Amino acid sequence: MTSLTAKTILLIAVSALPMGATAKNDHKKHVAKAAPAQYYAQRAQAMRFADDLAERRGLDREWVRQAIGQARLLREVPHLVLPPPRGVPKNWAAYRARFVEPVRIRAGLRFWQDNAGALARAEAQYGVPAEIIVGIIGVETLYGQHMGGYRVIDALATLSFDFPDAHPRAAERRAFFQRELEQFLTLMDRTGIDPHDPRGSYAGAMGMGQFMPSSWTRWAVDFDGDGRIDLWRSAQDAIGSVANYFVGHGWTAGMPTHYAVQFDTAGLQLDELLAPDILPTFSAAGMAAKGAQVQGEGAHHAGPLALVELQNGADAPSYVAGTENFYAVTRYNWSSYYAMAVIELGRAVAAQRAVP
(Lines give C-alpha, C1' and ligand atoms only; values in the text may rest on other atoms or scores of the structure.)
Protein backbone atom coordinates (compact mmCIF):
# COMPACT_ATOMS: atom_id res chain seq x y z
CA MET A 1 0.00 0.00 0.00
CA THR A 2 1.49 3.33 -1.01
CA SER A 3 1.71 6.18 1.45
CA LEU A 4 -0.71 8.30 -0.69
CA THR A 5 -3.33 5.51 -0.65
CA ALA A 6 -2.98 5.05 3.09
CA LYS A 7 -3.49 8.76 3.66
CA THR A 8 -6.57 8.73 1.44
CA ILE A 9 -8.16 5.82 3.32
CA LEU A 10 -7.36 7.46 6.63
CA LEU A 11 -9.03 10.71 5.55
CA ILE A 12 -12.16 8.84 4.43
CA ALA A 13 -12.35 6.98 7.72
CA VAL A 14 -11.94 10.10 9.80
CA SER A 15 -14.54 11.99 7.76
CA ALA A 16 -17.06 9.23 8.52
CA LEU A 17 -16.83 9.82 12.26
CA PRO A 18 -19.44 12.04 13.93
CA MET A 19 -18.06 15.56 14.31
CA GLY A 20 -18.67 15.51 18.05
CA ALA A 21 -16.53 12.43 18.47
CA THR A 22 -13.73 13.85 16.37
CA ALA A 23 -13.78 17.10 18.32
CA LYS A 24 -13.86 15.23 21.63
CA ASN A 25 -11.00 12.90 20.86
CA ASP A 26 -8.71 15.41 19.16
CA HIS A 27 -9.54 18.60 21.06
CA LYS A 28 -6.16 18.94 22.70
CA LYS A 29 -4.33 18.23 19.46
CA HIS A 30 -6.22 20.83 17.41
CA VAL A 31 -6.36 23.82 19.73
CA ALA A 32 -5.37 26.74 17.49
CA LYS A 33 -2.09 28.29 18.47
CA ALA A 34 -1.48 31.96 17.85
CA ALA A 35 1.41 32.67 15.55
CA PRO A 36 4.46 33.80 17.48
CA ALA A 37 4.87 37.56 17.67
CA GLN A 38 7.16 38.98 15.02
CA TYR A 39 9.19 41.93 16.25
CA TYR A 40 10.75 44.41 13.86
CA ALA A 41 14.15 44.03 15.56
CA GLN A 42 14.34 40.90 13.39
CA ARG A 43 13.98 42.90 10.18
CA ALA A 44 17.10 44.40 8.66
CA GLN A 45 15.01 46.88 6.65
CA ALA A 46 13.39 48.24 9.81
CA MET A 47 16.71 48.59 11.60
CA ARG A 48 18.25 50.42 8.64
CA PHE A 49 15.25 52.76 8.70
CA ALA A 50 15.79 53.31 12.43
CA ASP A 51 19.46 54.21 11.94
CA ASP A 52 18.65 56.60 9.12
CA LEU A 53 15.82 58.23 11.08
CA ALA A 54 18.02 58.72 14.13
CA GLU A 55 20.74 60.39 12.06
CA ARG A 56 18.38 62.69 10.17
CA ARG A 57 16.39 63.73 13.22
CA GLY A 58 19.28 63.90 15.66
CA LEU A 59 17.71 61.26 17.92
CA ASP A 60 19.51 58.73 20.09
CA ARG A 61 20.27 55.79 17.82
CA GLU A 62 19.76 53.06 20.41
CA TRP A 63 16.48 54.60 21.58
CA VAL A 64 15.11 54.62 18.03
CA ARG A 65 16.34 51.07 17.33
CA GLN A 66 14.71 49.86 20.54
CA ALA A 67 11.45 51.70 19.83
CA ILE A 68 11.09 50.25 16.33
CA GLY A 69 12.68 46.93 17.25
CA GLN A 70 10.05 46.25 19.94
CA ALA A 71 7.20 47.07 17.56
CA ARG A 72 5.18 44.01 16.58
CA LEU A 73 3.76 43.04 13.20
CA LEU A 74 -0.05 43.31 13.33
CA ARG A 75 -1.00 40.54 10.93
CA GLU A 76 -4.58 41.68 10.38
CA VAL A 77 -3.78 45.33 9.62
CA PRO A 78 -2.49 45.00 6.03
CA HIS A 79 -5.87 43.53 5.06
CA LEU A 80 -7.74 46.38 6.72
CA VAL A 81 -6.14 49.07 4.53
CA LEU A 82 -7.05 47.42 1.23
CA PRO A 83 -9.84 49.16 -0.71
CA PRO A 84 -13.16 47.30 -1.09
CA PRO A 85 -13.47 45.04 -4.13
CA ARG A 86 -14.44 46.72 -7.37
CA GLY A 87 -18.14 46.71 -8.07
CA VAL A 88 -19.25 47.06 -4.46
CA PRO A 89 -21.94 49.76 -4.69
CA LYS A 90 -21.70 52.79 -2.43
CA ASN A 91 -24.79 53.66 -0.43
CA TRP A 92 -25.09 57.08 1.18
CA ALA A 93 -28.28 56.18 3.05
CA ALA A 94 -26.60 53.17 4.68
CA TYR A 95 -23.42 55.12 5.42
CA ARG A 96 -25.40 57.98 6.96
CA ALA A 97 -27.36 55.59 9.17
CA ARG A 98 -24.13 54.41 10.81
CA PHE A 99 -23.37 57.89 12.14
CA VAL A 100 -26.52 60.00 12.24
CA GLU A 101 -28.38 57.82 14.70
CA PRO A 102 -29.86 58.20 18.20
CA VAL A 103 -26.95 56.86 20.28
CA ARG A 104 -24.43 59.14 18.61
CA ILE A 105 -26.76 62.13 18.70
CA ARG A 106 -27.37 61.69 22.44
CA ALA A 107 -23.65 61.32 23.08
CA GLY A 108 -23.03 64.43 20.99
CA LEU A 109 -25.57 66.38 22.99
CA ARG A 110 -23.82 65.41 26.24
CA PHE A 111 -20.43 66.29 24.76
CA TRP A 112 -21.71 69.71 23.63
CA GLN A 113 -23.29 70.39 27.02
CA ASP A 114 -20.13 69.38 28.87
CA ASN A 115 -17.86 71.44 26.61
CA ALA A 116 -20.07 74.34 25.56
CA GLY A 117 -17.54 76.94 26.68
CA ALA A 118 -14.63 75.40 24.77
CA LEU A 119 -16.75 74.93 21.64
CA ALA A 120 -17.92 78.55 21.73
CA ARG A 121 -14.37 79.74 22.26
CA ALA A 122 -13.07 77.65 19.38
CA GLU A 123 -15.81 78.96 17.08
CA ALA A 124 -14.97 82.55 18.03
CA GLN A 125 -11.20 82.07 17.71
CA TYR A 126 -11.02 79.90 14.59
CA GLY A 127 -14.33 80.59 12.83
CA VAL A 128 -15.23 76.89 12.69
CA PRO A 129 -18.83 76.23 13.82
CA ALA A 130 -19.26 74.15 16.96
CA GLU A 131 -21.47 71.72 15.07
CA ILE A 132 -18.66 70.88 12.64
CA ILE A 133 -16.26 70.15 15.50
CA VAL A 134 -18.93 68.09 17.26
CA GLY A 135 -19.60 66.22 14.01
CA ILE A 136 -15.92 65.35 13.52
CA ILE A 137 -15.33 64.04 17.04
CA GLY A 138 -18.61 62.13 16.92
CA VAL A 139 -17.88 60.39 13.62
CA GLU A 140 -14.25 59.70 14.51
CA THR A 141 -14.53 58.27 18.02
CA LEU A 142 -18.10 58.62 19.35
CA TYR A 143 -16.85 61.46 21.55
CA GLY A 144 -13.84 59.59 22.87
CA GLN A 145 -15.55 56.26 23.50
CA HIS A 146 -13.73 54.45 20.67
CA MET A 147 -10.23 55.85 20.22
CA GLY A 148 -8.62 52.56 19.21
CA GLY A 149 -6.75 49.87 21.10
CA TYR A 150 -3.78 49.25 18.84
CA ARG A 151 -0.32 50.28 19.97
CA VAL A 152 0.47 53.15 17.63
CA ILE A 153 4.07 52.03 17.19
CA ASP A 154 2.86 48.58 16.05
CA ALA A 155 0.33 50.02 13.59
CA LEU A 156 2.78 52.46 12.04
CA ALA A 157 5.61 49.93 11.82
CA THR A 158 3.31 47.37 10.22
CA LEU A 159 2.13 49.83 7.58
CA SER A 160 5.66 51.15 7.04
CA PHE A 161 7.31 47.79 6.41
CA ASP A 162 4.45 45.41 5.55
CA PHE A 163 2.04 47.57 3.59
CA PRO A 164 0.21 45.28 1.13
CA ASP A 165 1.57 45.32 -2.40
CA ALA A 166 -1.96 44.59 -3.64
CA HIS A 167 -3.00 48.16 -2.82
CA PRO A 168 -3.22 50.30 -5.99
CA ARG A 169 -1.08 53.03 -4.39
CA ALA A 170 1.15 50.80 -2.30
CA ALA A 171 4.41 52.69 -2.78
CA GLU A 172 2.82 56.06 -2.03
CA ARG A 173 0.99 54.81 1.05
CA ARG A 174 4.04 52.94 2.37
CA ALA A 175 6.08 56.13 2.13
CA PHE A 176 3.29 58.04 3.90
CA PHE A 177 3.32 55.67 6.87
CA GLN A 178 7.10 55.77 7.09
CA ARG A 179 6.87 59.56 7.37
CA GLU A 180 4.20 59.16 10.04
CA LEU A 181 6.40 56.71 11.96
CA GLU A 182 9.19 59.27 11.83
CA GLN A 183 6.85 62.01 13.06
CA PHE A 184 5.54 59.78 15.83
CA LEU A 185 8.97 58.94 17.23
CA THR A 186 10.07 62.57 17.00
CA LEU A 187 6.93 63.56 18.91
CA MET A 188 7.50 60.87 21.56
CA ASP A 189 11.10 62.03 22.02
CA ARG A 190 10.03 65.66 22.38
CA THR A 191 7.25 64.94 24.87
CA GLY A 192 9.07 62.24 26.83
CA ILE A 193 6.30 59.67 26.27
CA ASP A 194 7.25 56.01 26.01
CA PRO A 195 6.62 55.22 22.30
CA HIS A 196 5.15 51.85 23.26
CA ASP A 197 2.39 53.37 25.40
CA PRO A 198 0.08 55.36 23.06
CA ARG A 199 -2.95 53.51 21.67
CA GLY A 200 -4.90 54.43 18.57
CA SER A 201 -6.47 53.15 15.36
CA TYR A 202 -5.08 50.41 13.13
CA ALA A 203 -3.69 53.23 10.95
CA GLY A 204 -1.93 54.98 13.83
CA ALA A 205 -4.44 57.81 14.41
CA MET A 206 -4.68 59.07 17.98
CA GLY A 207 -7.05 60.79 20.39
CA MET A 208 -10.64 62.00 20.27
CA GLY A 209 -10.14 63.54 16.85
CA GLN A 210 -7.93 60.71 15.52
CA PHE A 211 -4.92 62.82 14.56
CA MET A 212 -2.09 61.19 12.68
CA PRO A 213 1.33 62.07 14.15
CA SER A 214 2.07 64.69 11.49
CA SER A 215 -1.29 66.38 12.15
CA TRP A 216 -0.63 66.30 15.90
CA THR A 217 2.76 67.95 15.34
CA ARG A 218 1.41 70.63 13.04
CA TRP A 219 -2.14 71.37 14.17
CA ALA A 220 -2.66 70.18 17.76
CA VAL A 221 -2.97 72.96 20.34
CA ASP A 222 -2.99 73.28 24.12
CA PHE A 223 -6.52 74.67 24.26
CA ASP A 224 -7.06 74.08 27.98
CA GLY A 225 -3.88 75.99 28.89
CA ASP A 226 -2.33 73.34 31.14
CA GLY A 227 1.02 73.47 29.37
CA ARG A 228 0.72 70.23 27.41
CA ILE A 229 -1.33 68.77 24.57
CA ASP A 230 -3.43 65.73 25.39
CA LEU A 231 -5.84 64.68 22.67
CA TRP A 232 -6.85 61.51 24.55
CA ARG A 233 -8.10 62.99 27.82
CA SER A 234 -8.57 66.73 27.23
CA ALA A 235 -11.76 67.45 25.31
CA GLN A 236 -10.70 71.10 25.18
CA ASP A 237 -7.41 70.25 23.48
CA ALA A 238 -9.26 68.02 21.00
CA ILE A 239 -11.80 70.76 20.23
CA GLY A 240 -9.19 73.46 19.67
CA SER A 241 -7.00 71.12 17.63
CA VAL A 242 -9.83 70.09 15.27
CA ALA A 243 -10.71 73.74 14.72
CA ASN A 244 -7.07 74.65 14.09
CA TYR A 245 -6.77 71.77 11.62
CA PHE A 246 -9.67 73.13 9.59
CA VAL A 247 -8.23 76.63 9.49
CA GLY A 248 -4.97 75.12 8.26
CA HIS A 249 -6.87 73.38 5.48
CA GLY A 250 -8.67 76.40 4.11
CA TRP A 251 -11.78 76.81 6.24
CA THR A 252 -13.51 80.17 5.63
CA ALA A 253 -15.59 81.54 8.50
CA GLY A 254 -19.24 82.09 7.64
CA MET A 255 -19.25 80.10 4.40
CA PRO A 256 -21.81 77.25 4.10
CA THR A 257 -20.53 73.78 3.37
CA HIS A 258 -22.98 73.02 0.56
CA TYR A 259 -26.18 73.97 -1.21
CA ALA A 260 -29.08 72.06 -2.72
CA VAL A 261 -28.96 71.59 -6.47
CA GLN A 262 -31.55 70.78 -9.15
CA PHE A 263 -30.94 69.48 -12.64
CA ASP A 264 -32.16 70.78 -15.96
CA THR A 265 -32.20 67.34 -17.53
CA ALA A 266 -32.46 68.71 -21.07
CA GLY A 267 -29.08 70.43 -20.87
CA LEU A 268 -27.39 68.40 -18.14
CA GLN A 269 -23.67 67.70 -18.73
CA LEU A 270 -23.25 65.38 -15.77
CA ASP A 271 -19.94 63.77 -16.77
CA GLU A 272 -18.28 67.16 -17.14
CA LEU A 273 -19.65 68.35 -13.81
CA LEU A 274 -18.42 65.25 -12.00
CA ALA A 275 -15.01 65.13 -13.67
CA PRO A 276 -13.22 67.29 -11.03
CA ASP A 277 -14.71 65.05 -8.30
CA ILE A 278 -14.99 66.98 -4.99
CA LEU A 279 -12.53 69.72 -5.95
CA PRO A 280 -14.46 73.03 -6.20
CA THR A 281 -14.05 74.08 -9.83
CA PHE A 282 -17.21 75.71 -11.22
CA SER A 283 -18.95 79.00 -10.52
CA ALA A 284 -22.65 78.85 -9.75
CA ALA A 285 -23.31 80.32 -13.20
CA GLY A 286 -20.97 77.80 -14.79
CA MET A 287 -22.81 74.94 -13.12
CA ALA A 288 -26.14 76.35 -14.28
CA ALA A 289 -24.81 76.53 -17.84
CA LYS A 290 -24.08 72.80 -17.61
CA GLY A 291 -27.56 72.00 -16.32
CA ALA A 292 -27.06 72.03 -12.53
CA GLN A 293 -28.85 74.92 -10.88
CA VAL A 294 -27.63 75.78 -7.39
CA GLN A 295 -30.57 76.63 -5.16
CA GLY A 296 -31.25 79.50 -2.76
CA GLU A 297 -28.33 81.68 -1.72
CA GLY A 298 -26.04 79.25 -3.53
CA ALA A 299 -27.07 80.78 -6.85
CA HIS A 300 -25.06 83.86 -5.81
CA HIS A 301 -22.16 82.04 -4.17
CA ALA A 302 -18.97 83.92 -5.00
CA GLY A 303 -16.45 81.06 -4.80
CA PRO A 304 -15.96 77.83 -6.73
CA LEU A 305 -18.28 74.88 -6.28
CA ALA A 306 -18.16 71.13 -6.90
CA LEU A 307 -21.02 68.87 -7.87
CA VAL A 308 -20.92 66.17 -5.19
CA GLU A 309 -22.50 62.84 -6.03
CA LEU A 310 -23.63 60.50 -3.24
CA GLN A 311 -24.61 57.11 -4.60
CA ASN A 312 -27.51 55.24 -2.99
CA GLY A 313 -26.96 51.68 -4.11
CA ALA A 314 -29.65 50.68 -6.56
CA ASP A 315 -31.57 53.90 -5.99
CA ALA A 316 -30.90 57.25 -7.66
CA PRO A 317 -27.87 59.18 -6.36
CA SER A 318 -28.16 62.32 -4.25
CA TYR A 319 -26.39 65.52 -5.28
CA VAL A 320 -25.28 68.73 -3.57
CA ALA A 321 -23.12 71.67 -4.61
CA GLY A 322 -20.09 71.59 -2.31
CA THR A 323 -18.22 74.78 -1.38
CA GLU A 324 -14.58 75.20 -0.43
CA ASN A 325 -15.66 74.52 3.17
CA PHE A 326 -17.11 71.18 2.11
CA TYR A 327 -13.75 70.46 0.52
CA ALA A 328 -12.06 71.46 3.80
CA VAL A 329 -14.07 68.80 5.64
CA THR A 330 -12.86 66.20 3.14
CA ARG A 331 -9.28 67.12 4.05
CA TYR A 332 -9.94 65.25 7.29
CA ASN A 333 -10.94 62.16 5.32
CA TRP A 334 -10.91 62.10 1.52
CA SER A 335 -14.58 61.15 1.13
CA SER A 336 -17.71 63.10 0.30
CA TYR A 337 -19.70 60.49 2.25
CA TYR A 338 -17.58 61.12 5.33
CA ALA A 339 -17.94 64.90 4.96
CA MET A 340 -21.72 64.73 4.67
CA ALA A 341 -21.93 62.40 7.68
CA VAL A 342 -19.89 64.89 9.74
CA ILE A 343 -22.05 67.81 8.62
CA GLU A 344 -25.35 66.04 9.18
CA LEU A 345 -24.38 64.58 12.56
CA GLY A 346 -23.35 68.03 13.74
CA ARG A 347 -26.63 69.50 12.51
CA ALA A 348 -28.63 66.74 14.20
CA VAL A 349 -26.91 67.36 17.53
CA ALA A 350 -27.42 71.12 17.17
CA ALA A 351 -31.11 70.56 16.42
CA GLN A 352 -31.47 68.36 19.49
CA ARG A 353 -29.70 70.97 21.59
CA ALA A 354 -32.26 73.54 20.46
CA VAL A 355 -35.18 71.44 21.71
CA PRO A 356 -36.57 73.04 24.93
Exercise for the section: Return the FRET efficiency for the residue pair A302, D197: r is the Cβ-Cβ distance, R0 is 41 Å, and the value is rounded to the nearest 0.05. Expected result: 0.25
Handout entry: Degrees separating the helix 336-353 axis from the principal Cα axis of the chain, which is the longest one
Key = 70
Fill in the blank from the handout: Largest fluctuation, A339, A120, A243 only, Gaussian network model of the chain with Cα springs under 10 angstrom, belongs to A120
Problem - Helical mean residue ellipticity (222 nm; -39500 (n - 2.57) per DSSP H run of 4+; nearest 500) of the chain - result: -15500 deg cm²/dmol
Completion exercise
Sparse-neighbourhood loop hits (trypsin sites (Lys or Arg not before Pro), the stretch 76-121; DSSP loop; Cβ within 10 Å at most 12 others) -> R86
Handout entry: Rounded to the nearest 10 Å², the accessible area of R199 at probe 1.4 Å
Key = 100
Handout entry: Computed over the stretch 64-222: relative contact order in percent, which uses C-alpha pairs under 8 Å that are six or more apart
Key = 28
Problem - Top positive-direction residue, dipole computed over the chain with Cβ charges, set A171, V355, F111 - result: A171
Exercise for the section: Calculate the dipole size of the chain relative to its Cα centre from +1 charges on Lys and Arg beta carbons and -1 charges on Asp and Glu beta carbons; express the result in debye to the nearest 20. Expected result: 1360
Exercise for the section: Could you order H249, H300 by accessible surface area, starting with the largest, using a probe radius of 1.4 Å? Expected result: H300, H249
Exercise for the section: Quick one: compute the contact order of the stretch 148-248, relative version, from alpha carbon pairs under 8 angstrom and 6+ residues apart, as a percent. Expected result: 26
Exercise for the section: Using only the Cα atoms of the stretch 55-163, build the gyration tensor, take square roots of its eigenvalues as a ≥ b ≥ c, and label the shape rounded, prolate or oblate: rounded if a/c is under 1.5, else prolate if a/b is larger than b/c, else oblate. Expected result: oblate
Handout entry: Heavy-atom SASA rank of W334, W216, W232 (probe 1.4 Å, accessible area, largest first)
Key = W334, W232, W216
Completion exercise
Quick calc, M255 & H146: beta-carbon distance into FRET formula, R0 45 Å, rounding 0.05, result 0.90
Practice task
Specify the angular offset, from 0 to 90 degrees and rounded to the nearest 10, of the alpha carbon long axis of helix 235-248 from the longest principal axis of the alpha carbons in the chain.
Solution key: 70
Completion exercise
Out of N325, L80, A130 - ranked by how far each Cα lies towards the positive end of the dipole of the chain, with unit charges on the beta-carbon of charged residues - the top one is L80
Fill in the blank from the handout: For the chain the mean separation of alpha carbon contacts under 8 Å (6+ apart) over residue count, i.e. relative contact order in percent, is 18
Practice task
Measure off 7 Å from each Cα along the Cα-to-Cβ vector at T265 and R169, then give the distance between these two points in nanometres to one decimal.
Solution key: 3.6
Exercise for the section: Might you tell me the accessible area per residue for the stretch 284-352, computed with a 1.4 Å probe and given in Å²? Expected result: 37
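The values are calculated or read from the model by the stated rules, or taken from the named source; none is laboratory data. This one's a predicted model, so the numbers in the text were calculated from it and none came from an experiment. Please note: Cβ atoms are built from the backbone with ideal geometry, for glycine as well, and neighbour counts cover all protein chains shown. Only protein heavy atoms, including side chains, enter the accessible area calculation; ligands, DNA and RNA are left aside. Shrake-Rupley method; radii C 1.70, N 1.55, O 1.52, S 1.80 Å.
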